[in-house]
Every structure is written in C-alpha cells, then in structure tokens.
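Any read-out appearing in this document is the output of simple, stated calculations on the displayed coordinates, not a laboratory observation. Since the model is a prediction, treat every value here as computed from it, not as a measurement. Methodologically, a virtual Cβ is constructed for each residue, glycine included, from the backbone with ideal geometry; neighbour enumeration extends over all protein chains shown.
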Amino acid sequence: MIRSNVSVATQFAGLQLQSCIYNASGPWCTTKKELMDIGQSAAGAIITKSCTLLAREGNPTPRYFENNLGSINSMGLPNKGYQYYQSIAEEITAKFQKPYIVSVSGLSLENNMRILESLQTQKNIAAIELNLSCPNVVGKAQTAYDFPQVVKVLRAIAPLNKIPIGIKLPPYFDFIHFQEMAAIINQYPIAFVTCVNSIGNGLLIDIEKEAVVIQPKGGFGGIGGDYIKPTALANVCKFRELLRADISVIGCGGIKTGQDVFEHLLCGADAVQIGTQFMSEKATCFKRIVNELQHLMQKKGYHSIADFKGKLIQA
Ligand code: RRO
C-alpha cells in the first residue's frame with residue numbers, strides 16, 4: 001500500500017525518482033525483458049548490467065551462490081555489449097517514466113572512452129554509472145584500488161559533460177583510503193558515487209562437499225548481502241562526509257528491508273540499490289521494501305526522506 005502522506009521520492013544528478021529504491025547493476029538487468037520487468041516494478045530507476053565494448057559470455061558456471069547471509073558471485077561481466085543498451089534506451093524511456101541509467105565497465109580506459117563518448121550522444125540515457133570496481137575479470141585489477149589509475153580515468157572523462165556520470169566504488173576499509181579517494185573525486189565533475197560494489201575475492205565453502213561453491217578463480221568471488229551491510233554503511237557515511245556537497249551518494253550493500261534502506265539514508269545516501277535481495281526475490285522486492293520504508297517513516301512521523309537523510313546521530 002502506497003501511503004500518500006509519506007514520500008520516498010528523491011533527486012540526484014538532476015534526475016527525479018518517485019522512489020529512492022532501485023536495482024543494483026548485476027542481477028536481472030542484462031536483457032531488454034529483464035530491464036522492462038524493472039520498469040514495470042516499483043523501482044525508482046532502471047540500471048543496466050555493466051557493459052563492455054563487445055558482448056561477453058562471462059565466466060564458466062556455477063558462478064553465483066547464495067546462503068541465508070548473502071551471496072558470492074564471479075559472473076565475469078556477462079553482457080550484451082554497450083550498443084545493445086544504447087539501442088533500447090528510447091523504447092524503455094518511452095514506456096516507463098523513470099530514469100534509465102547505463103552501467104559501463106570497459107576492459108580498458110580506451111574502451112571506456114569509446115563507450116562513454118558514444119553513450120553521451122543518446123538523449124534517453126539519464127545517467128551513466130562507470131563501474132571502477134568489478135572484482136571478477138581474470139587478470140584485471142579493480143581500478144578503484146589503483147589510485148593513480150583513478151586519477152587518469154577521471155581526468156580523461158572530465159570533458160564528457162552531456163550526461164551526468166557517476167562512479168561505482170569498491171568498499172574501502174581504512175580512513176586514509178576514504179580520504180585519499182574522496183580528495184581525488186572532489187577534483188572532478190563527478191555527479192554521484194555508488195558505495196559499494198561487492199567485497200572482492202571472498203570465499204564461501206560447502207562444508208558437506210568440503211569444496212568451494214563457485215567455479216571461476218578457485219571459488220573466489222564478490223561477496224554481497226548481509227555479510228557486507230556494515231561495510232557498505234561505513235562507506236556511505238564516510239564518503240558523504242568527505243565528498244563535495246553536490247556529489248550524491250548512492251548506497252548499495254546488504255539491503256533486504258525498509259529498515260536497511262532507512263539506515264543507508266541516515267548515513268547520507270540519496271538513493272539506494274538492491275543487489276542480492278533482488279536476485280532472489282525478483283522485482284516484487286521493490287514494492288515490499290518501499291512499503292516497509294513508508295511504514296517506518298510514518299511510525300517515526302517523517303514525511304519525506306529529507307527529514308532524516310544524513311542525520312545519523314553520533315553517540
Ligand atoms: O560481472 C561480475 O562478475 C561483477 C561485476 Br561487473 C561487478 O561489478 N561486481 C560483481 O560483484 N560482479
């Protein structure tokens with residue numbers, strides 16, 4: 001039930017969202033049909049699977065596993081190539097009154113430049129999320145753990161100003177790294193920062209089989225779900241504190257319920273994305289979580305997310 005006196009609308013990067021809750025790039029957002037299903041749901045925006053210059057099959061299966069605490073994946077960037085996501089932009093935006101965001105994860109800076117230059121010419125793409133944190137391509141490091149490389153990337157994309165560009169970061173675990181990365185980002189025209197991608201190169205084990213649970217990379221993969229919520233909240237909170245006020249922060253990590261969304265918003269997120277929970281519950285999760293958030297806001301006497309966003313109290 002949508003409660004009319006409790007708004008969960010938000011804005012970031014000049015985009016208007018009726019709901020601050022949408023999908024994370026990854027689960028169920030590779031094909032047009034999957035993106036349409038997100039369009040039809042209560043999600044406030046639609047973001048695509050991270051795309052590369054050319055289509056990719058990704059890593060060998062099994063490459064995804066979940067238990068009651070979360071997930072591990074080593075998908076390896078399976079996607080249909082950026083031109084596919086560009087070609088369906090008009091149809092998707094015509095059908096649904098919500099922003100269509102393309103996630104980009106080219107395999108080199110040169111590839112990213114080609115993709116971004118092309119996407120910039122497409123007026124139906126509301127924003128681009130440049131993924132600097134894929135942990136699962138064999139032989140490729142996560143760009144955002146290589147600070148000089150991040151400077152190179154942000155310098156190269158700075159002149160592209162037709163569509164807002166945000167970046168998706170991996171989790172950081174040290175105050176020095178938060179400070180150094182925020183100081184770099186603050187020098188460039190970045191519209192938003194998404195915190196966080198999966199915690200890279202974790203390991204889940206099947207105790208019966210005494211074996212790893214996914215095939216690629218000896219079983220190592222990106223961890224999502226409950227396992228990562230405290231890390232995600234810490235990253236949202238720190239980046240909100242350290243980034244320029246005009247850079248929005250999108251929270252991602254461990255959101256299953258309206259209460260989890262509330263925590264991310266308290267830490268300063270302007271919107272949130274759902275990954276692992278969307279993977280298991282599919283697109284009906286958005287309505288359920290919106291309802292739970294509205295219920296909590298009503299109980300607390302809040303009318304809009306501005307009433308509590310970023311207002312986490314220090315003990
Ligand atoms: O496709 C993947 O393996 C993947 C990507 Br691109 C990413 O950014 N994060 C993740 O956990 N998996």
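Assorted remarks:
- Lacking any other cysteine beta-carbon closer than 4.7 Å, the following Cys residues of the chain have no compatible partner: Cys20, Cys29, Cys51, Cys134, Cys195, Cys252, Cys285.
- Label-point separation, Arg155 to Gln11 (7 Å along Cα→Cβ), nm: 3.4 nm
- Sorting the segments 217-227, 264-274, 132-142 by their mean number of nearby beta carbons within 10 angstrom, highest to lowest, gives 264-274, 217-227, 132-142.
- Amide hydrogen neighbours beyond the local backbone of Phe192, cut-off 5 Å, H modeled: Gly166, Ile167, Ser248
- Annotation for the stretch 152-251: GluC sites (Glu not before Pro) lying in DSSP loop with at most 15 further Cβ atoms inside 10 Å of their Cβ are Glu208, Glu210.
- Once backbone amide H atoms are built at 1.01 Å from N, Phe308 has no partners under 5 Å, excluding neighbours fewer than 5 places away on the same chain.
- FRET efficiency estimate (nearest 0.05) - Cβ-Cβ, Leu69 to Glu208, R0 22 angstrom: 0.80
- Dividing the convex hull volume of the alpha-carbon atoms in the chain by its residue count gives 131 Å³ per residue.
- Under the combined filter of DSSP loop state and at most 16 neighbouring Cβ atoms within 10 Å, the stretch 2-80 retains these GluC sites (Glu not before Pro): Glu57.
- Loop-resident chymotrypsin sites (Phe, Trp or Tyr not before Pro) (DSSP state other than H, G, I, E or B) in the stretch 108-189 with no more than 12 further Cβ atoms inside 10 Å of their Cβ: Phe173.
- Net lengthening on full extension, Gln215/Ala183 (0.36 nm per residue, minus Cα-Cα): 7.7 nm
- Computed E for Asp174/Thr257 - FRET, C-beta separation, R0 35 angstrom, nearest 0.05: 0.75
- Charge context of Lys152, other residues only, Cβ under 13 angstrom, K/R +1, D/E -1: -1
- Counted over the chain, the DSSP beta bridges are approximately 40% antiparallel.
- Set Lys282/Lys311; Lys168/Lys229; Lys229/Lys311; Lys168/Lys256 screened for pairs whose C-alpha atoms are more than 26 Å apart: Lys282/Lys311
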